[in-house]
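Right, one structure below, let's go through it.
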Amino acid sequence: MNLLFNKALQITRIMLRFHLFIFMLFFNISSYAQNSAIGAWNEHLPYIHGKIVADGNNKVFCATDDGLFAYLKEDFSLQRYSKLSGLNDFGVSTIEYSSTYKTLIIAYSNSNIDLVNDNGSVYNLSDIKRKNIPGNKEINNIMVKDRFAYLACGFGIVVVDLQKQEIKDTYHVTSDSISNKVWEVTADANWFYAATDKGVYRAPVTNPNLSNFNVWSLTFSIPASGYFNLIESFAGNIIANFVKTDASGNYNADTLFSSTNGITWMSNSPSMPNQNQNFSLRVSNNSLLVTNNYSVSVFDGNFSRIQFLDGNVYANTQTRDAFKDAQQTMWVADKEQGLIKWNGQSVEKIYPDGPVSSLVSDIEIRNGVLWVTHSGKDPKWSNSYRSASISKLKNNSWSSFTKQNVVAIDTTGFFDNMSLAVDRSDPEHVFIGSAGDGLMDFYSTNTQKYYRDYNSTLLPMVGNPGQVKVQGLSYDDAGNLWAVNSGVASFVNVLLTTGQWKRYSFPGVINANPFAGELFVDSYNQIWVQIYGNGADGLFVLNTNGTPGNPSDDQSKLLNGSAGTGNLPDINVYCMAEDLDGQLWLGTAKGIAVIYSPSAVFSGGNYDAQQILIKQDNSYQYLLETEIVTAIAVDGANRKWVGTQSSGLYLFSPDGQSEVHHFTPDNSPLFSNTITAISIDKITGKVFIGTDKGLVSYQSDAIEGGEACGNIIVYPNPVRQNYDGPIAIQGVVSNSNIKITDVSGTLIYEGKALGGQAIWTGRNFAGERAQTGVYLVFSTDDEGTNSCVTKLLLIN
């Protein structure tokens, strides 16, 4: 191998003298823009579900069900806010902006608080989140008055000093703060007012002892079963919204009340009509805006309605909050259409690009096209009856398909789409499984076909004939589509390439109507299915011997927890993946297990699953034995990405013995410790991770390699003096030996590629940054039969 290396070096030196000038002319041309930096994270959240807006002077902030963004008025650009931009948490509950202190106050659903200054600095106040406070700690609303922000919480009112960036005080409006939630706070010149579960309370703004509940008095008790959730001071009146509920606590109706003195209240404020369910009362630019579930009404100081936004302004309004800026432009948070800008004549819908939902039930990438199904998904595939929604990422742009924009979905009521399989010959063609409504054949061109019991071999669930449950889906190497039909005895079905359907029965092996979930087709074209319940639990495997249309040579078996018949650490197998060595990795309710010889299931060899024994803290234990493993994916270096139900995301070495990474929300931008799906783009090495709170991606350092060199790409190239990150060399021989030399032949680095990609830190053997110059990168396999060379420019 050294002889080959020396010969290649001599040839390269000669060629380098000729090409160096050309290379220096074009060194600014870099492939770096094509890839994310190694170790970089990206969030892929929906931003269309607007719920709260805030006037940030030159910015309009919009909080959504899943994220936060700002629209910059000067250049019409969008700015996303997340943990990637410096925020400290996920899941915004409410926001408000202080124009005096140029600070956005963000309250999260877990009661954490961030103060985001216009200069980009973020200050975190975690007091409420951290402290053991009796009652509900949720922050429902924020009022800014002078230097203070008043947070309406489940247990009272928390006062934040925006100048000192600290919590100043807590006001309890009643002695029993646990059972009296504060929904919103307002103030006039003399009084604070609080809308609560038990009525409207007030206290003098000048009282120095507002933390004493005795200072607060009930000025308006609840007129019926319900609570006050909104309150605002406007034109010498206090306006409060009462939510009426029935005996079971379910929503009934809303009524607006007003008072000129804070003591005497009347229903339906002067000239103000009854509204639907009200979500927001807001005073801005001498107007009162009342936002309900379908419209926004604007009132002047005489309570005359001067402006009205509803479905006649733009279709399918689902308004949630609104304000008017100094230019009299109305800004509206819409639950399904993001941020709405209305100048009284034209409407603009504004939101960053993203998928349609934060729910992730399945992910698959093929030829650079990523598909996501959005539904709640637990290890038992329980129904949540969510309407179908599908998203596609192609060329860094998202497309979404729902009942709002796909007529066929709207007319069928297709729901709970928990699985998908992308056509291996056409990445725009995908099959979507429904845990209750059959199978959808879907094209990006919006043409669909549905399969149920009347046009396929699929059957209704035994005991629930209204549901045709299609759960796990996968193609085999021949292009046949395999589908799990849960809740019936013949739970394995296949759609052949001829367009014909075939249903399989397993008398003597399966004599029940089990639920069936995950399905996996291995490289031997064996079909593996997770089954559970109704007397049949474990891992089922079917071998058609390459003839799926001929049942005479089929073999099937049910693996369980007994030695000799599977030896599963737990009969609940939730995910499967085959690694580059042909081994089958299983995620179970008790960690990881591996079937090292899956082809032996029907050959008489040992096919028992084995757990991986690791040493930790001077003791031995099985890998993740206390964790429920929900997702497994294998990268180009044969490493295992493992998702769990409650402890986040792991990356393990090829044999599982070493932990490379363990990502959680505490040490990464990961949204949640609950992982629902993992898929890897083998071309770029990007890992897409679905959680119960949204989709994120991570730029891994491994990609799929080949037996010969491909189109070698180095990025960044050139490596500039202000760059100190990893340098990636792509397109080398899979798992090859890598050597980097200067032009004189001095070896400064030696290592191994991760699949088809090698990583160099830009440092020599002494750990020092390499000197400015052109460097040669050599890749050679272990036998020395496949080698290649490229060059990069490093500036120190």
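The values are calculated or read from the model by the stated rules, or taken from the named source; none is laboratory data. Being a predicted model, the structure only gives us computed values, none of them experimental. Cβ placement follows ideal geometry from the backbone for every residue including glycine, while neighbour counts extend to all protein chains displayed. To get the accessible areas, we keep the full protein, side chains included, count just its heavy atoms, and leave off ligands, DNA and RNA. Shrake-Rupley method; radii C 1.70, N 1.55, O 1.52, S 1.80 Å.
With the requirement that a residue be of a type in the set (D, E, K, R) and over 21 Å from ASN124 (Cα atoms), what does segment 66-85 give you? Walk me through how you get there before you give the answer.
Initially, segment 66-85 is screened for residues of a type in the set (D, E, K, R), giving 66, 73-75, 80, 83.
Once the filter is applied, which keeps residues that are of a type in the set (D, E, K, R) and over 21 Å from ASN124 (Cα atoms), segment 66-85 yields LYS73, GLU74, ASP75.
Go through (1) buried (at least 17 other Cβ atoms within 10 Å of the Cβ); (2) of a type in the set (Val, Ile, Thr); (3) out of contact with any Cys (no Cβ under 6 Å at 6 or more places or on another chain) one by one and return the number of the condition VAL122 breaks.
(1)
Starting from segment 584-607, take each residue that is on the phi > 0 side of the Ramachandran plot and list its partners that are assigned to a strand (DSSP E or B), counting only C-beta distances under 7 angstrom and pairs at least six apart or across chains.
Short answer, once both residue conditions are applied: GLY591/TYR622; GLY591/VAL629.
Restricting to segment 606-618, what's the tally of residues that are closer than 14 Å to LEU559 by Cβ and outside any strand (DSSP E or B)? Talk me through it step by step, then tell me what you get.
Restricting attention to segment 606-618, the residues satisfying the condition of being closer than 14 Å to LEU559 by Cβ are 606-610.
Retained after the next criterion (residues that are outside any strand (DSSP E or B)): 606-609.
Looking only at that region, the number is 4.
Cβ contacts < 7 Å: first residue over 16 Å from GLY472 (Cα atoms) and free of Cβ contacts under 8 Å to residues at least 60 places away in the same chain, restricted to segment 489-505; second residue open to solvent by 10 Å² or more (accessible area, probe 1.4 Å) and basic (Lys, Arg), any location; separation 6+ or different chain. Result?
These pairs meet every condition: LEU496/LYS502.
Of all the strands (runs of 3 or more DSSP E) wholly in segment 749-796, which have at least 2 residues that are surrounded by 18 or more Cβ atoms within 10 Å (Cβ to Cβ) and touching a helix residue (DSSP H, G or I) at 6+ places or on another chain (Cβ under 8 Å)?
By residue number, 773-780, 787-794.
Do any strands (runs of 3 or more DSSP E) lying entirely in segment 427-489 carry at least 2 residues that are open to solvent by less than 20 Å² (accessible area, probe 1.4 Å) and of a type in the set (A, V, I, L, M), and which ones are they?
In segment 427-489, 429-436, 438-443, 468-475, 481-486 are the strands (runs of 3 or more DSSP E) which contain 2 or more residues that are open to solvent by less than 20 Å² (accessible area, probe 1.4 Å) and of a type in the set (A, V, I, L, M).
Residues that are of a type outside the set (A, V, I, L, M, F, W, C): which strands (runs of 3 or more DSSP E) entirely in segment 66-167 hold 3 or more of them?
The qualifying strands (runs of 3 or more DSSP E) are 77-81, 92-98, 139-145.
From LYS131, LYS137, LYS145, grab the single residue that is in contact (Cβ under 8 Å) with a residue 40 or more places away in the chain and open to solvent by 40 Å² or more (accessible area, probe 1.4 Å).
Values: LYS131 fails: in contact (Cβ under 8 Å) with a residue 40 or more places away in the chain; LYS137 fails: in contact (Cβ under 8 Å) with a residue 40 or more places away in the chain.
Only one candidate qualifies: LYS145.
Okay, residues lined up against (1) in a loop (DSSP other than H, G, I, E, B); (2) within 18 Å of ASN276 (Cα to Cα); (3) not acidic (Asp, Glu):
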| site | (1), (2), (3) |
| --- | --- |
| GLY301 | yes, no, yes |
| GLN307 | no, yes, yes |
| GLY311 | yes, yes, yes |
| ASN316 | yes, yes, yes |
| ARG320 | no, yes, yes |
| PHE323 | no, no, yes |
| GLN327 | yes, no, yes |
| VAL332 | no, yes, yes |
| LEU339 | no, no, yes |
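Just give me the residues in segment 638-658 being open to solvent by 10 Å² or more (accessible area, probe 1.4 Å) and touching a residue at least 40 places away in the same chain (Cβ under 8 Å), in sequence order.
If the condition is that a residue be open to solvent by 10 Å² or more (accessible area, probe 1.4 Å) and touching a residue at least 40 places away in the same chain (Cβ under 8 Å), then ASN638, ARG639, GLN645, PRO654, ASP655, GLN657 are the ones that fit.
Give me the residue from segment 42-65 that is of a type in the set (S, T, N, Q) and part of a strand (DSSP E or B) and, out of that set, nearest to the chain's Cα centre (by Cα).
So the first thing to find is which residues in segment 42-65 are of a type in the set (S, T, N, Q), and the list is 42, 57-58, 64.
In the following step, the residues that additionally are part of a strand (DSSP E or B) were identified as 42, 64.
On the way: ASN42: 10, THR64: 14 Å.
Across segment 42-65, the extreme among qualifying residues is ASN42.
Any idea which residue in segment 738-748 is farthest from ALA770 (Cα to Cα), counting only those that are of a type outside the set (A, V, I, L, M, F, W, C) and part of a strand (DSSP E or B)? Give the derivation first.
Taking segment 738-748 as the starting set, the residues that turn out to be of a type outside the set (A, V, I, L, M, F, W, C) are 739, 741-742, 744-746.
Now restrict to residues that are part of a strand (DSSP E or B): 739, 741-742.
Details: LYS739: 14, THR741: 10, ASP742: 9 Å.
Filtering segment 738-748 for residues that are of a type outside the set (A, V, I, L, M, F, W, C) and part of a strand (DSSP E or B), the one farthest from ALA770 (Cα to Cα) comes out as LYS739.
How many residues, within segment 343-367, are open to solvent by 20 Å² or more (accessible area, probe 1.4 Å) and more than 19 Å from the chain's Cα centre (by Cα)?
9
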